[in-house]
Structure formats: C-alpha cells, structure tokens
Amino acid sequence: MPLHLRPLTGRAEVDLFNQLPYVLNHEIAKDLDDGRRHLPWLWVAVDSGRLVARAGFWAPPGQAVPMFLDVFDVAPGHRDDGVRLLTEALAHVPRPEEYTRFVPPGWRDDPGTRREVEDRIAALERTGAKLFVERLRLQWQPGTPVPEPSGRLTFRPVTGPQELIALMADVTDGTLDAHSRADLSRMSAAESARRQYDEELSRYTSPREWWRIGCLPDGRPAGFVLPAHNGYNPIIAYIAVVPAQRGRGYVDELLAEGTRVLAGEGVPRIRAATDLGNVPMARAFARAGYEVIERQLDMVWPS
C-alpha cells in the first residue's frame, strides 16, 4: 500500500495521532477542545495502516495561523517518510515561527536518545530549519523552601501595560536571551517589548495582580517578575533586573517573590525556562530550588 500523507479526518483519529509517544500526547484532545489545535494542523503519515510519522502545530486560542510546530515524531527507519510528511504539511499549513521540542536533560549522554534527537534535527534541517537555541525547562515543587523577604526590595503590582512594556524595553539592554536578541536585530527594543506583551503576556488569563515590580528604597524599579498561568501550568513567565541594578543579587529577591505569589495560591508545581547560555539566570533558578526537568530545542526557518 502507498504511503498516505494527510491531516486527521476527525476527532476519532486522535488515538491514531498519539500512537507515537511524546510528553504532549495527553494534551492533544483538550487542545482541540480549547482551540489551540485544529484537525487540519494534525498530520499523519500512514504506511500499510501503521503510523510512521506525525506533525502537529499549535497556536493560542483564537489565532488563525500556527505559532509553533511542537509535535514531530518519526518511527525508527522512517526518517525519509518524516521529511516527506513535514514537507507536505508545510505546503498546506502556514509556516510557524519555530519548531520546539522537549528532550531529556541528559539527552547527549545516552547514545540511543542522542541518535533519536539528532535524527529528528536532521529531518527538520532537510526542510530548511536551523537549530536556534537550547533551553532549560525548570520546575519548583511545593515544600521547597522559599526565602522570606529580605527588605532590600519592596514589591507592588504593575500599574498597567505601558509601565510594564517600558520596563521590558529597558531590560533588553544586554540581554542574554536568544529570542530577545533576535528580535533586536530586526526591530527596536520598544517594538520587541510591545510584540511580546501583545502576543504572549496579554493572553494569560491569570490575575494581573500577581505581577510584581521590585522597588528600591527610593521607589525606583530594580526589576520585575511575572507569575502567571499559561493554561497548562503555573509559571514564572518573565523575570528581569534593570541594567543599572544588575550584579547585586536582586534577581534572587524577584524570583523568591514570584515563587511566593504562586505558592500562596496552592499550586501543585511552578514551571519556568531559560536559555542554556543564560548562565546567571540558570544559577538563580538553581539557588531558588528549581530543578531541571527537561531541555528544549528550538529551531527556526530562516526568512
């Protein structure tokens, strides 16, 4: 029988799509219900009735085009079929901003896992994608100690979008975040901040009262932390220290405050992420008791 490359035909085929294992499988059906995925965005390669590759796209609810390709799996020995499937899917689905994949923390240390990850990267490269950044995915568990406020900073809510966007633009100066640096190569700091606010932060339905600005004794902002819920998990959505106050340990104060806010809500966990190359931020999370649970590989299709 020929290889069939096609999107899912109905909700009954979600089980077919999930025949290849991945940590996001349990979210697929609910994402369809919530409008984060659509049947024409879930593609399968079927050979003699068996699933040999799949590709899935994701976007925030209400967005008509996908933001990420976040599911791409290929059965052993079917890398060429995976490339064919992805090429076909990208001919019918608007190309997303990037591909993102969660992998084990020590994926390079296990030969089998490393081969699987590198095979997937190679397949994506054949469609024109390039590796962009590797990130750490972190988790805080209830019961992990949270420091009491030291008094070095006082905390208040964000007064509104304009204040936050102005602070976000300020902290891009000297940023180590790969996505922010890429934005700054093609737009101003103010445009980058506005884009991130509009496309990410404004869409969180969790209370804005959770967002905190950490202030010095004279009232000037030293930085900010944005606890939130992204529809899947409680998260530290954004944390940053203003350039003039870096190197003084304020990131620990900000992270402790963001963790306290969410812990006070009785959450089952807190998730966060930072670039592997952002060593100061990774160390701050480690000091606060956040453990690395996965790594994340992001790839992009250059314009």
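Wrap a convex hull around the Cα atoms of the stretch 258-303, take a quarter of its surface area, and give that in square nanometres. Walk me through the intermediate numbers first.
Details: hull surface 18.9 nm².
Projected over every direction and averaged, the Cα hull of the stretch 258-303 covers 4.7 nm².
So what is the accessible area of the stretch 209-279 per residue, in Å², with the probe set to 1.4 Å?
That works out to 36 Å² for each residue.
Which whole-number percent is the relative contact order of the chain (Cα, under 8 Å, 6+ apart)?
Once divided by the residue count of the chain, the mean separation gives 20 percent.
Mean projection of the alpha-carbon convex hull of the stretch 61-140 over all orientations, in nm²?
So the Cα hull casts an average projection of 6.8 nm².
Round to a whole angstrom and tell me the spacing of the C-alpha centers of the stretch 237-303 and the stretch 79-98.
If we compute the Cα centre of each part, the gap is 32 Å.
Using the Cα atoms as the points, what is the convex hull volume per residue of the stretch 1-78 in Å³?
Details: hull volume 6.8 nm³, N = 78.
Spread over its residues, the Cα hull of the stretch 1-78 gives 87 Å³ apiece.
Please compute the Cα-Cα pair-distance distribution of the stretch 1-157 with 10 Å bins starting at 0, giving whole percents from short to long.
Going from the shortest bin to the longest, the percentages are 9, 35, 31, 13, 8, 3, 0, 0.
Would you mind giving the three semi-axes, in whole Å and largest first, of the ellipsoid equivalent to the stretch 226-272 according to its Cα gyration tensor?
Working from the Cα gyration tensor, I get semi-axes of 23, 11, 6 Å.
Report, to the nearest whole %, how much of the accessible area of the stretch 17-120 belongs to carbon and sulfur atoms, 1.4 Å probe, protein only.
Details: 2420 of 4640 Å².
The value for the stretch 17-120 is 52 percent carbon and sulfur by accessible area.
Taking the Cβ of residue 254 as the centre, find all other residues whose Cβ is under 13 Å away and add up their charges (Lys, Arg: +1; Asp, Glu: -1).
Details: positive: 152, 156, 212, 246, 248, 260, 287; negative: 252, 253, 257.
Result for the local shell: +4.
Quick check on the stretch 169-303: what does the Kirkwood estimate of hydrodynamic radius come out to from the alpha carbon pairs, in Å?
For the stretch 169-303, inverting the mean 1/r across all distinct Cα pairs yields 15.8 Å.
Given q = 0.08, 0.15, 0.21 Å⁻¹, what are the Debye log10 I(q)/I(0) values for the stretch 101-251, with equal point scatterers placed on the Cα positions and solvent ignored?
One equal scatterer on each Cα of the stretch 101-251 leads to -0.31, -0.97, -1.40.
Would you please calculate the Kirkwood hydrodynamic radius of the chain over all C-alpha pairs and express it in Å, rounded to one decimal?
Radius from the Kirkwood sum: 20.8 Å.
Just the number, please: carbon plus sulfur as a percent of the accessible area of the stretch 133-271, 1.4 Å probe, no ligands or DNA/RNA counted.
On the way: 3280 of 6410 Å².
Looking at the stretch 133-271 in its full context, I get 51 percent from C and S.
Rolling a 1.4 Å sphere over the protein heavy atoms, what is the accessible area per residue of the stretch 101-201, to the nearest Å²? Show your work: numbers first, answer last.
Working: 5440 Å² over 101 residues.
Result: 54 Å² per residue.
The values are calculated or read from the model by the stated rules, or taken from the named source; none is laboratory data. Values in this document were obtained by computation on a predicted structure and should not be read as measured data. Cβ atoms come from the backbone with ideal geometry, glycine included; neighbour counts cover every protein chain shown. Note: accessible area is taken over every heavy atom of the protein model, side chains too, but ligands, DNA and RNA are not part of it. Shrake-Rupley method; radii C 1.70, N 1.55, O 1.52, S 1.80 Å.
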